[in-house]
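Input: a single structure, listed below in structure tokens.
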Amino acid sequence: MECICSKNNIEFYNNFQLKNFNTLKISSVADIVYFVKGEQDILDIFELYDDVHVLGWGSNTLFSTFGIEKPVIITRKMSDISFRHDTVEVQAGASVQKLSVEACRFSLSGFEFLIGIPASMGGAVAMNAGAHGQSISDCLISVRMYDKNDKKIKVFSKDELLFSYRNSIVKTQPGRFVVLSAKFKLEKKDKNLIKKMMDDNTQFRINVQPSLSLPNLGSVFKNPILPDGQKISAGKLIDKCGLKGFRILGAGVWEKHGNFVINYDNCTSSDYTNVIFKMYDSVKKKFNIELECEIVQAGRLSEPEEKIWKILKKD
Ligand SMILES: Cc1cc2nc3c(=O)[nH]c(=O)nc-3n(C[C@H](O)[C@H](O)[C@H](O)COP(=O)(O)OP(=O)(O)OC[C@H]3O[C@@H](n4cnc5c(N)ncnc54)[C@H](O)[C@@H]3O)c2cc1C
């Protein structure tokens, strides 16, 4: 793998191994990746290509073992965080955990839930990441995005992003928007209270989620909401199907919580896909509930995988 700089000085690599760029530690080679450092790099890349895959910290993305044909833009080197009074402006590739720690340092509340989420700000906005009753959209003011359709950078208000449970227009219109930066308004609070909330959140995660020493992509399915508005735990449904510990080759359902799938032994994207389809199919057959997948799939698919992803990708 050789680093080459294009004429406009964007760092790029051909045949790039993404194993250390996704939290599932899937081995997947991208034909070409670009490490962007600013907005101009992204504008320049869209002069070259019409369709790219944007990668934050890869904590919700299942890369294909057969590789990635689309050019990949990696945002993690575009990571400035700048506080001004009770507002903060954050570039897309910034780590949300760092954001949480920095906000606490300035006695600013609103990002306590981000501690323990191994994500970039751009990925968190795209997925409307949330936990412990808070979500990234709660304290958002606006987002700067590149809109591929209009070939322009625009500023979107929170309302224009149409946030819902783990969803936004960035996710529902894949490939159209690139989050460049976002502005948030936080609330001044006692630093000790903020720290206590972050510690409690960390302890909660230790009890109910696998750490990254068991490579995973977080919750596989959204918690379904029944027609009467009741939210039920996807993990419990999967557990009632007797699937905790269920394995296909290198991938398996975590023994302690049914909504996590672990890369136990060099799993392939097809092992992972087959396990999550088994979870989906079992819950459908037993409870007549169609679970909605939270994971984003990227890259070349085998024929059987393509069939499964057609069923799983519903929104
Ligand atoms: C251990 C663990 C714990 C987790 N806990 C939680 C949790 O509590 N709550 C929660 O909501 N999620 C959780 N997740 C899932 C995941 O962290 C979130 O979905 C997160 O928002 C993904 O961010 P990312 O930067 O890793 O995104 P990636 O996986 O890199 O990308 C996800 C999607 O966002 C798009 N995207 C990324 N950056 C941009 C950008 N700049 N512009 C446009 N699109 C972009 C990608 O193209 C892709 O479609 C967890 C995951 C793990 C592994």
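Report Rg(Cα)/(2.2 N^0.38 Å) for the chain, keeping two decimals.
It is 0.99.
When you count, for each residue, the other Cβ atoms within 10 Å and take the mean per peptide, how do 48-60, 218-230 rank with the highest first? The partial results should precede the final answer.
Working: 48-60: 20.1, 218-230: 14.5.
The most tightly packed comes first, giving 48-60, 218-230.
Fully extended, how many nm does the chain gain between ARG247 and ASN266 (0.36 nm per residue separation, minus their Cα-Cα distance)?
Gain on extension, ARG247 to ASN266, equals 5.6 nm.
Explain nothing, just compute: Karplus ³J(HN,Hα) = 6.51 cos²θ - 1.76 cosθ + 1.60, θ = phi - 60°, for every residue of region 40-54 in order, whole Hz, x for Gly and Pro.
3J(HN,Hα) across region 40-54, in whole Hz: 4, 4, 5, 4, 5, 5, 6, 6, 8, 10, 8, 10, 10, 10, 9.
Rounded to whole Hz and in sequence order, give me ³J(HN,Hα) for region 68-81 from the Karplus expression 6.51 cos²θ - 1.76 cosθ + 1.60, θ = phi - 60°, writing x for Gly and Pro.
Karplus-based 3J(HN,Hα) across region 68-81 equals 10, 7, 6, x, 10, 9, 9, 9, 5, 8, 10, 9, 5, 10 Hz.
Where in region 111-163 are there chymotrypsin sites (Phe, Trp or Tyr not before Pro) that are in a DSSP coil and have at most 14 other Cβ atoms within 10 angstrom of their Cβ?
Values: sites: PHE111, PHE113, TYR146, PHE156, PHE163; in loops: PHE111, PHE163.
Sites meeting the loop and neighbour criteria: none at all.
For the chain, modelled as a GNM with alpha-carbon contacts under 10 angstrom, which of ASN259, ASN149, ASN22 fluctuates the most?
In this elastic network of the chain, the residue with the biggest mean-square fluctuation among ASN259, ASN149, ASN22 is ASN149.
Can you list, largest first and rounded to whole Å, the semi-axes you get for region 3-74 by taking the square root of 5 times each eigenvalue of its Cα gyration tensor?
Values for region 3-74, descending: 21, 12, 11 Å.
Along the charge dipole of the chain, pointing to its positive end and built from +1/-1 on Cβ of Lys, Arg, Asp and Glu, which listed residue (THR23, ASN192, VAL125) has its Cα farthest out?
My answer, from the dipole projection, is ASN192.
Between ILE153 and GLU11, what is the FRET efficiency for a Förster distance of 30 Å, r being their Cβ-Cβ separation, to the nearest 0.05?
E between ILE153 and GLU11, to the nearest 0.05, is 0.90.
Evaluate the charge dipole of region 81-206 about its Cα centre and quote only its size in Debye, nearest 20, assuming +1 on the Cβ of each Lys and Arg and -1 on the Cβ of each Asp and Glu. Don't skip to the end; give the middle numbers.
On the way: 20 positive and 13 negative charges, 63 e Å.
Using Cβ point charges on Lys, Arg, Asp and Glu, region 81-206 gives about 300 debye.
Starting from 0.36 nm per residue, how many nanometres of slack lie between THR172 and ARG205 once their C-alpha separation is accounted for? Walk me through the numbers before you get to the answer.
On the way: separation 33, 0.36 × 33 = 11.88 nm, distance 2.81 nm.
Working it through step by step, the gained length comes to 9.1 nm.
When only C-alpha pairs under 8 Å and at least 6 residues apart count, what is the relative contact order of the chain, in percent?
So the answer I get is 17 percent.
Tell me the net charge near PHE106. Cut-off is 11 Å between Cβ atoms, PHE106 excluded, with +1 for each Lys or Arg and -1 for each Asp or Glu. Before the final figure, lay out the partial values.
On the way: positive: ARG84, ARG105, LYS188, LYS189, LYS191; negative: ASP86, GLU102.
Neighbour charge sum, excluding PHE106 itself: +3.
Largest first, please: the extent of the C-alpha atoms of region 234-312 along each principal axis, to the nearest Å.
33, 27, 17
Out of all Cα-Cα pairs in region 151-223, roughly what percent, to the nearest whole number, are more than 15 Å apart?
Values: 1940 of 2628 pairs.
It works out to 74 percent of all Cα pairs.
Taking amide hydrogens as modeled 1.01 Å from N in the peptide plane, which residues meet the under 5 Å criterion relative to HIS53, leaving out close sequence neighbours?
VAL72, ILE73
Can you pull out the GluC sites (Glu not before Pro) in region 8-51 whose DSSP state is coil and whose Cβ has at most 10 other Cβ atoms within 10 Å? Provide the component values of the computation, followed by the final result.
Working: sites: GLU11, GLU39, GLU47; in loops: none.
When the GluC sites (Glu not before Pro) of region 8-51 are filtered for loop state and at most 10 Cβ neighbours within 10 Å, nothing remains.
Based on the Cβ-Cβ distance from ASP228 to GLU160, what FRET efficiency comes out when R0 is 30 Å, to the nearest 0.05?
That gives a FRET efficiency of 0.45.
Starting at the first residue of region 128-138, write each ³J(HN,Hα) from the Karplus equation 6.51 cos²θ - 1.76 cosθ + 1.60 with θ = phi - 60°, in whole Hz, x for Gly and Pro.
Couplings: 6, 4, x, 5, 6, x, 10, 9, 4, 6, 4 Hz.
Tell me the per residue accessible area of the chain using a 1.4 Å probe; a whole number in Å² is fine.
Numbers: 14880 Å² over 315 residues.
Ligands and nucleic acids excluded, the result is 47 Å² per residue.
Sort the following peptides by mean Cβ neighbour count (other Cβ atoms within 10 Å, averaged over residues), highest first: 263-270, 136-143.
For the peptides 263-270, 136-143, the packing ranking is 136-143, 263-270.
The values are calculated or read from the model by the stated rules, or taken from the named source; none is laboratory data. Because the structure is a prediction, the values reported are computed rather than measured. So basically every Cβ, Gly included, is an ideal-geometry build from the backbone, and we count neighbours across all protein chains shown. Side chains included, ligands, DNA and RNA excluded: accessible areas come from the protein's heavy atoms. Shrake-Rupley method; radii C 1.70, N 1.55, O 1.52, S 1.80 Å.
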